[in-house]
Amino acid sequence: MTARLRSIRSLRRPLAALVAGASLSMVAASFTTAQAGEVEVLHWWTSGGEAQAVGTLRDLLESEGHGWKDFAVAGGAGDSAMTVLKSRAMSGNPPSAAQINGPEIQEWGELGLLGNLDEVAAEENWDELLSPIVADMMRHDGHYVAVPVNVHRVNWLWANPTVLEDAGVEVPTTWNELFAAGDALREAGYVPLAHGGQPWQDATTFETVVLSLGGADFYRQAFVELDQETLESDTMIEALTTFRRLRELMDEGMPGRDWNLATKMVIDGQAAMQIMGDWAKGEFTAANMQAGSDYLCAPVPGTADDFIFNIDSFAMFQLEDADASEAQTALARLILQPEFQQTFNQLKGSIPARSDLDMSESDSCAQRSMDDFKAASETDTLVPSVAHRMAMRSDVQGAFFDIITNYFNDDSVTAEQAAQRLSQAASLAF
Ligand code: GAL
């Protein structure tokens, strides 16, 4: 068992006991202190594109006369935000709404802290609006406890066409083409692949390579079923090997770099490409760049027919104050309004959480994402992101992050050893 998994496990039980049991009265007492009609919203959207996108939600809530108390915790993929959320919950004072994604919604539901959104869901017809895979994720114990904002696609490659042209290369569609393009780009003085060396960014890149080399069924066997044989297989070893080779294409400044600064390297023409989910598109949009001409999007090599999804959602905590509760219900309702969905998702880079909206005004990358999402749902090649909390419990995910990052950065660890470690970590899940 890794140290991180041990420490998360030792934290989880006390958190469950503390929050669900002994301190419930303290939790209830603190709920009444919220200012009337105000919702405190925890999220991690602090980059240029993200801040613009979340600003539209704040404005909309305020236009209905409610208050928005911003609780932004910087840090890509929300690792820091989740730590802060746990400590707020442990002190009996969770925010009224928090960005919580994937199976973690269930973990919070089990603690008995989430409110019930069934009434607004019925009034607004969420059962009809949301695809079953999305709706299921928003329910705990059969009741709606969260509301989805969007669908992000993770397996995207972003490129600066001027840089590619200058180096005489095309957008690569295979890993060999990518490595060959890398040589030409280096020769021409560019960083081939912009990257930020943070565990979640390493995991984001890694999962796209696994999908590319193994396909959707293999990916699910490994990351959803946590099948040990699959995790130790030759295909996984090959994926680990290709993944680490990508370091050849990255620059020395990558350790610790935030994802949006890596995107900025592509925007500024210092780097040619970046593998990142389509929140990167929010940065190109914020820089006034147009999809298809100023920047290009393409599926990560070998994943054109597949779609790694990452759904952002807000879970609502139980409230006692009637005004605050009303504001919270308004927030849940507004999030799925068609107009908000269109505006927010254009700025955020994602596609709407509801699939009935007209995409004709959207940019070419968003249109492609929606088409591919629908196609992948039909061909069963839609898979949940590991790096973005969609695929597995948070303790196993934390252990996977450690193994992936450690392997990526330490050449003394072999691909075979890393595969074995993933398999061992998976065995702890049962
Ligand atoms: C993801 C999240 C996105 C985006 C990204 C970078 O986990 O779903 O909305 O914000 O992190 O922080």
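Specify which of the listed residues (342, 318, 346) is in the same structural domain as residue 104 (by TED's automatic domain parsing), without any contact (Cβ under 8 Å) to a residue 24 or more places away in the chain and surrounded by fewer than 24 Cβ atoms within 10 Å (Cβ to Cβ).
On the way: 318 fails: without any contact (Cβ under 8 Å) to a residue 24 or more places away in the chain; 346 fails: without any contact (Cβ under 8 Å) to a residue 24 or more places away in the chain.
Going through 342, 318, 346 in turn, the sole match is 342.
Could you tell me whether region 224-232 includes any residue that is open to solvent by less than 10 Å² (accessible area, probe 1.4 Å), among the charged types (D, E, K, R) and in contact with a Ser or Thr (Cβ under 9 Å, 6 or more places away or on another chain)?
No: region 224-232 contains no residue that is open to solvent by less than 10 Å² (accessible area, probe 1.4 Å), among the charged types (D, E, K, R) and in contact with a Ser or Thr (Cβ under 9 Å, 6 or more places away or on another chain).
Is it fair to say residue 328 is of a type outside the set (A, V, I, L, M), surrounded by fewer than 24 Cβ atoms within 10 Å (Cβ to Cβ) and touching a residue at least 24 places away in the same chain (Cβ under 8 Å)? Judged against the criteria, residue 328 is not a match. Within region 124-147, the set of residues being within 23 Å of the chain's Cα centre (by Cα) and of a type in the set (S, T, N, Q) comprises just one member, 131. Within region 383-400, the set of residues being in contact with an Asp or Glu (Cβ under 8 Å, 6 or more places away or on another chain) and surrounded by fewer than 22 Cβ atoms within 10 Å (Cβ to Cβ) comprises 393, 394. Which of the residues belonging to region 280-299 are over 21 Å from residue 76 (Cα atoms) and either in a strand (DSSP E or B) or open to solvent by less than 40 Å² (accessible area, probe 1.4 Å) (or both)? Those that are over 21 Å from residue 76 (Cα atoms) and either in a strand (DSSP E or B) or open to solvent by less than 40 Å² (accessible area, probe 1.4 Å) (or both): 289, 291, 295, 296, 298, 299.
For residue 216, are the conditions met, namely being surrounded by fewer than 22 Cβ atoms within 10 Å (Cβ to Cβ), assigned to a helix (DSSP H, G or I) and touching a Ser or Thr at 6+ places or on another chain (Cβ under 8 Å)? I'd like the intermediate steps shown before the answer.
Details: surrounded by fewer than 22 Cβ atoms within 10 Å (Cβ to Cβ): yes; assigned to a helix (DSSP H, G or I): yes; touching a Ser or Thr at 6+ places or on another chain (Cβ under 8 Å): yes.
Spelling it out, residue 216 is indeed surrounded by fewer than 22 Cβ atoms within 10 Å (Cβ to Cβ), assigned to a helix (DSSP H, G or I) and touching a Ser or Thr at 6+ places or on another chain (Cβ under 8 Å).
Quick one: would you say residue 100 is at pLDDT 50 or above, in contact with a strand residue (DSSP E or B) (Cβ under 9 Å, 6 or more places away or on another chain), open to solvent by less than 30 Å² (accessible area, probe 1.4 Å) and within 12 Å of the ligand (Cβ to nearest atom)? So residue 100 fits the description; yes.
Count of region 252-261 residues, restricted to those that are out of contact with any helix residue (DSSP H, G or I) (no Cβ under 6 Å at 6 or more places or on another chain) and buried (at least 17 other Cβ atoms within 10 Å of the Cβ), is 2.
Filtered by the rule that a residue be surrounded by fewer than 21 Cβ atoms within 10 Å (Cβ to Cβ) and either under 23 Å from the mean Cα position of the chain (by Cα) or assigned to a loop (DSSP other than H, G, I, E, B) (or both), region 112-123 gives 112, 113, 115, 116.
Report yes if residue 183 is open to solvent by 10 Å² or more (accessible area, probe 1.4 Å), over 24 Å from residue 415 (Cβ atoms) and free of Cβ contacts under 8 Å to residues at least 12 places away in the same chain, otherwise no. Answer is no for this residue.
Got a sec? Which helices (runs of 4 or more DSSP H) wholly within region 310-427 have at least 1 residues that are within 16 Å of the ligand (Cβ to nearest atom)? Can you show your working first?
On the way: elements: 322-335, 338-348, 364-379, 394-409, 415-427.
Helices (runs of 4 or more DSSP H) meeting the threshold: 322-335, 338-348, 364-379, 394-409.
How many of the residues in region 300-309 are within 16 Å of the ligand (Cβ to nearest atom) and open to solvent by 20 Å² or more (accessible area, probe 1.4 Å)? Give the steps one after another, and end with the answer.
Quick first cut of region 300-309, residues within 16 Å of the ligand (Cβ to nearest atom) only: 307-309.
Still in the running and open to solvent by 20 Å² or more (accessible area, probe 1.4 Å): none.
Of the residues in that region, 0 qualify.
Based on this model, can you work out whether residue 430 counts as over 26 Å from residue 116 (Cα atoms), surrounded by fewer than 24 Cβ atoms within 10 Å (Cβ to Cβ) and touching a Pro at 6+ places or on another chain (Cβ under 6 Å)? Write out each step before concluding.
Values: over 26 Å from residue 116 (Cα atoms): yes; surrounded by fewer than 24 Cβ atoms within 10 Å (Cβ to Cβ): yes; touching a Pro at 6+ places or on another chain (Cβ under 6 Å): no.
No: the conditions fail for residue 430.
Just one of the listed residues (156, 200) is surrounded by fewer than 24 Cβ atoms within 10 Å (Cβ to Cβ), within 16 Å of the ligand (Cβ to nearest atom), closer than 30 Å to residue 396 by Cβ and of a type outside the set (Asp, Glu), and it is 200. If you go through region 400-416 one residue at a time, do you hit one that is free of Cβ contacts under 8 Å to residues at least 40 places away in the same chain and touching a Ser or Thr at 6+ places or on another chain (Cβ under 8 Å)? Scanning region 400-416, I find no residue that is free of Cβ contacts under 8 Å to residues at least 40 places away in the same chain and touching a Ser or Thr at 6+ places or on another chain (Cβ under 8 Å), so the answer is no.
Need at least 3 residues that are crowded, with 16+ Cβ neighbours inside 10 Å and modelled with pLDDT of 95 or more per element, so show me which helices (runs of 4 or more DSSP H) inside region 1-88 make the cut, counting only ones lying wholly within it. In region 1-88, the matching helices (runs of 4 or more DSSP H) lie at 48-63. Taking residues in region 266-284 that are under 24 Å from residue 179 (Cα atoms) and not assigned by TED's automatic domain parsing to the domain that holds residue 299, and partners anywhere that are within 9 Å of the ligand (Cβ to nearest atom) and of a type in the set (Phe, Trp, Tyr), not one pair has Cβ atoms closer than 7 Å while being at least 6 places apart or on different chains.
Counting the residues of region 148-174 that are within 24 Å of the chain's Cα centre (by Cα) and among the hydrophobic types (A, V, I, L, M, F, W, C) gives 7.
The values are calculated or read from the model by the stated rules, or taken from the named source; none is laboratory data. Since we're looking at a predicted model, the values are computed, not measured. So basically every Cβ, Gly included, is an ideal-geometry build from the backbone, and we count neighbours across all protein chains shown. Only protein heavy atoms, including side chains, enter the accessible area calculation; ligands, DNA and RNA are left aside. Shrake-Rupley method; radii C 1.70, N 1.55, O 1.52, S 1.80 Å.
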